[in-house]
Amino acid sequence: MTGAGGIGYALIALGPAFSLFVTVIASKPFLILTVLGSAMMWLVSLIASGLLWRAFLPGAVWVFLPLLITVVAIQEAVRIYYWHLYLKIEDFLNKLATKVSKQQLVATDKIQIAIASGLGHGIAHSVFFCLSLLTPAFGPATYYVDSCVHMPLFLVAAFTALGFLLLHTFSMVIAFNALAGDKRSHQLFVPVMHLCAALLTLVNLLPGGCIAGVPLTLMCAVVTMAVAGKIVWDKTGSGSGDLNSLHRVHSASRL
Amino acid sequence: MEKGILEMVGGEIIGIVSPVSICMLLVVLLVHTLTPHGSSTSVATIAMMIYNEQPNDSFVEKFKGGLLNAIVFVCIVMLVTFVLVGLFYFRFTKCLRVYMGFSAFTVLAWMGGIVAVELIQFFSIPIDIITFAICLVNFASVGVMAVFFCRMPIVLIQGYLVVIGMLVAFWFTKLPEWTTWILLVAMAIYDIVAVLAPGGPLNMLVELAIARDEDIPALIYEARPVLPRQISGPPPMSSSPTPARTRRWSNRRAPRNPGVGRGNSGSNSALDNLRTSNGQPTSLITEPPLAPEVGIIGSRLVSSTGDAGMLNSISTVVAGHQATESNVDEDTVPLVSHGTNNSSTAAALDGMESGMRFQGSDQGGSESEDEGLGLGVSGAVKLGLGDFIFYSVLVGRAAMYDLMTVYACYLAIIGGLGATLILLAVWRRALPALPISITLGVVFYFLTRLILDPFVVDLATHLVVF
């Protein structure tokens with residue numbers, strides 16, 4: 001639907017990611033590299049899933065259920081592997097910090113790295129599932145899928161991508177925190193929420209399902225955000241609620 | 001606010017990833033607007049001397065033809081590199097510089113002119129021929145001067161280098177599909193051979209340059225150091241023992257448009273001489289290396305890492321080096337120089353400088369002082385222009401299929417670049433920079449095109465995502 005429409009869809013899918021990037025990540029080169037690295041890992045997991053299921057698509061509708069379960073399982077396994085990589089990198093950074101006599105990684109640093117990793121996953125997801133479809137959206141017409149006559153395909157894809165972007169970003173924060181602190185409940189929360197969100201998109205297959213599917217996806221994202229927010233709030237000391245406590249200067253309030 | 005470790009690490013890698021990304025983005029935009037399905041008119045180039053690919057040739061024929069084209073191209077490139085080595089050996093530096101300046105001018109004026117005309121036609125921009133001619137000639141002249149001869153704001157120089165890379169890469173995307181892919185793979189293999197084999201031309205070039213402590217004439221993109229140096233030391237000039245003849249991987253020439261049949265690549269030697277004659281240490285290497293250097297020929301990354309720079313940090317931590325306090329503080333960093341290969345035509349060979357050189361830390365720590373002058377050797381990363389060009393060619397060719405392949409190839413190339421840097425820091429020897437990125441890029445392209453595209457599109461049109 002012309003350039004304005006295309007840009008609009010792209011901004012719906014990637015706007016929050018862009019603002020997160022500019023505020024949190026752009027000033028720290030290491031975080032930019034983290035975003036790129038985790039995007040690449042997500043892409044590799046996507047290719048692995050594709051290799052597995054390529055033969056079955058396009059196929060019957062019931063294929064989607066086992067497909068989603070296996071793909072989510074692969075992605076969660078990649079997340080755990082990424083966590084182990086992160087431990088090594090954290091070690092390396094701490095060693096480097098002692099060498100150049102700087103402070104070691106503090107809690108906000110770790111949270112920022114977690115956000116960057118999650119953002120990498122989320123941006124890769126948005127780019128591959130939404131942006132790459134948007135090329136026709138810049139043209140003069142639009143496209144509706146059979147099962148969803150209420151919203152153009154691009155709009156549904158944009159909203160769903162937005163939901164999943166937020167989901168990926170903040171579930172990485174939760175996952176890092178849970179794996180570091182070994183909290184079972186949160187460790188389980190992440191894969192379960194991911195699977196829920198993925199399965200809820202199956203609602204979109206029903207005729208007219210996207211009316212329910214899109215809000216459900218966005219709700220999953222909001223829940224994940226809330227949980228992540230609560231974790232960060234607890235971690236950075238809810239007592240000192242002002243922003244100063246998040247700066248490096250006040251290292252006493254760290255961890 | 002006290003700066004933590006997170007702000008310091010990785011700056012120079014971003015300094016080189018950004019221009020590579022910008023170049024790729026520009027090429028993708030150009031390809032997407034002007035030739036979204038490949039060039040309709042085949043361009044007569046050196047790369048297509050043997051076999052002119054037709055759309056309805058058989059698979060085997062295309063493959064064989066592409067292979068022949070690629071082999072011929074690589075041979076010509078190798079010949080020209082040897083010529084360049086010969087010229088350098090016999091100290092015909094003026095000749096090299098003039099040639100490279102002429103090449104850069106041709107790239108900017110001729111290829112730039114053609115691209116500009118196509119854009120004007122596409123967007124129906126009202127402009128008359130006189131204005132256009134004046135603008136073009138000015139643009140090209142400033143470009144040549146910026147890259148080779150005069151001191152200008154670094155942003156301008158970087159911008160012109162990126163534009164030169166973009167133009168040549170766009171020209172390369174006009175090659176037919178099979179030839180392009182086989183050519184990319186052939187260049188990656190050539191890169192490995194030329195850099196690692198003892199008789200390889202780039203190897204010889206680097207060794208000559210090391211032995212003589214001279215600059216190699218080539219087109220090199222140089223990033224600015226990112227981290228403010230926290231240690232202020234004596235001015236670099238006073239500490240640098242040989243300000244006049246610092247070894248410096250200068251600009252490589254841009255690959256020349258194959259259709260022209262001439263080589264391009266300007267040499268930086270003129271610029272280097274000018275700079276060094278001013279008595280200012282060049283922003284590249286400012287002192288003779290104390291440790292044996294490791295050079296990578298071909299597309300090399302030149303980087304001097306800051307005291308917390310990624311490469312230095314990797315090498316120090318991984319190799320367990322005990323960086324002395326003075327070394328670390330004075331920001332002496334292994335300098336990795338990287339020339340890029342221009343393999344466009346024989347002429348491009350003189351531009352092929354490659355090599356990642358790893359210089360030993362200098363006790364003088366003169367790099368840190370460069371910051372005071374704004375030159376900043378430390379933390380400056382240099383990447384040869386040939387790398388820009390081949391990465392952009394790969395991504396541009398991917399853009400002709402779909403944007404999804406573009407994203408996948410972009411991530412693959414950046415990943416390959418990062419891996420090469422890390423390998424460099426770990427192995428501390430000359431490594432070619434093209435192979436890993438090109439291999440990953442080609443693999444990801446075909447994987448995405450054959451597997452991922454139908455997979456994702458099918459899922460997305462059913463509105464099922466994960």
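Which order do B:83, B:9 take when ranked by solvent-accessible area (1.4 Å probe, heavy atoms of all protein chains), largest first?
Largest to smallest exposure gives the sequence B:83, B:9.
If you scale each eigenvalue of the Cα gyration tensor by 5 and take the root, what three semi-axes come out for region B:101-186, rounded to whole angstrom and sorted largest first? Can you show the working numbers first?
Numbers: eigenvalues 117, 82, 20 Å².
Semi-axes, largest first: 24, 20, 10 Å.
Which value in nm describes the separation of the simple spin-label points at residue A:77 and residue B:141, placed 7 Å from the Cα toward the beta carbon?
Placing both labels 7 Å beyond Cα along the Cβ direction yields 6.5 nm.
What list of ³J(HN,Hα) couplings, whole Hz, do you get for region A:148-159 from phi and the Karplus terms 6.51, -1.76, 1.60, once you set θ to phi - 60° and write x for glycine and proline?
9, 9, 8, 10, x, 3, 5, 5, 4, 4, 5, 5
Round to the nearest 0.05 the FRET efficiency obtained for residue A:7 and residue A:54 when R0 = 25 Å and r is the Cβ-Cβ distance. If you can, show how the numbers build up before the last one.
Numbers: r = 32 Å, r/R0 = 1.28.
The formula returns an efficiency of 0.20 here.
In square angstrom, rounded to the nearest 10, how much accessible surface does residue B:97 have for a 1.4 Å probe?
Probe radius 1.4 Å; accessible area of residue B:97 about 20 Å².
Given a Förster distance of 30 angstrom, what is the FRET efficiency for residue B:98 paired with residue B:129, based on the Cβ-Cβ distance and rounded to 0.05?
Values: r = 29 Å, r/R0 = 0.98.
So, using R0 = 30 Å, E works out to roughly 0.55.
Taking 0.36 nm per residue of separation and subtracting the Cα-Cα distance, what length does fully extending residue A:24 through residue A:91 add?
Numbers: separation 67, 0.36 × 67 = 24.12 nm, distance 2.23 nm.
So the chain would gain 21.9 nm between residue A:24 and residue A:91.
So how do B:78, B:24, A:219 rank on accessible area, 1.4 Å probe, biggest first, that is with the largest at the start?
Numbers: B:78 65, B:24 5, A:219 110 Å².
Final ranking, largest accessible area leading: A:219, B:78, B:24.
Among A:171, A:38, A:147, which one moves the most in a GNM of chain A with springs linking Cα atoms closer than 10 Å?
A:147
Under the definition of Cα pairs under 8 Å and six or more residues apart, what whole-number percent is the relative contact order of region A:147-226?
Details: 75 pairs, mean separation 39.2, N = 80.
Across region A:147-226, relative contact order equals 49 percent.
What translational diffusion coefficient, in µm²/s and rounded to a whole number, does the Stokes-Einstein relation yield for region A:59-168 at 37 °C and a viscosity of 0.692 mPa s, taking the hydrodynamic radius as the Kirkwood radius over Cα pairs?
Details: Rh = 17.2 Å.
In µm²/s, the coefficient rounds to 191.
Could you state how much accessible area residue A:206 has, in square angstrom rounded to the nearest 10, with a 1.4 Å probe and all protein chains kept in place?
Solvent-accessible area, nearest 10 Å²: 100 Å².
More than 16 angstrom separation, counting every C-alpha pair in region B:64-118; what % is that?
Details: 931 of 1485 pairs.
For region B:64-118, the fraction of Cα-Cα distances above 16 Å is 63 percent.
Using the C-alpha gyration tensor of region A:94-253, what are the square roots of 5 times its eigenvalues, in whole angstrom, with the largest one first?
On the way: eigenvalues 281, 63, 34 Å².
Whole-Å semi-axes of the equivalent ellipsoid: 37, 18, 13.
Using alpha carbon centroids, what distance separates region B:82-146 and region A:92-161, in Å?
After rounding, the separation between the Cα centres reads 39 Å.
Using the Cβ atoms and a cut-off under 12 Å, what net charge is assigned to the surroundings of residue A:95, where Lys and Arg are +1 and Asp and Glu are -1? Intermediate results must be reported in sequence, preceding the final value.
Values: positive: A:88, A:99, A:102; negative: A:90, A:91.
Result for the neighbourhood of residue A:95: +1.
Give the B-A buried accessible area in Å², both sides summed, 1.4 Å probe, nearest 100. Spell out each step's value before the answer.
Working: alone 18380 and 13260 Å², together 26370 Å².
When B and A are taken together, about 5300 Å² of accessible area is lost.
The values are calculated or read from the model by the stated rules, or taken from the named source; none is laboratory data. Everything numeric here is computed off the predicted structure, so don't read it as measured data. Glycine gets a Cβ as well: all are built from the backbone with ideal geometry, and neighbour counts include every protein chain shown. Note: accessible area is taken over every heavy atom of the protein model, side chains too, but ligands, DNA and RNA are not part of it. Shrake-Rupley method; radii C 1.70, N 1.55, O 1.52, S 1.80 Å.
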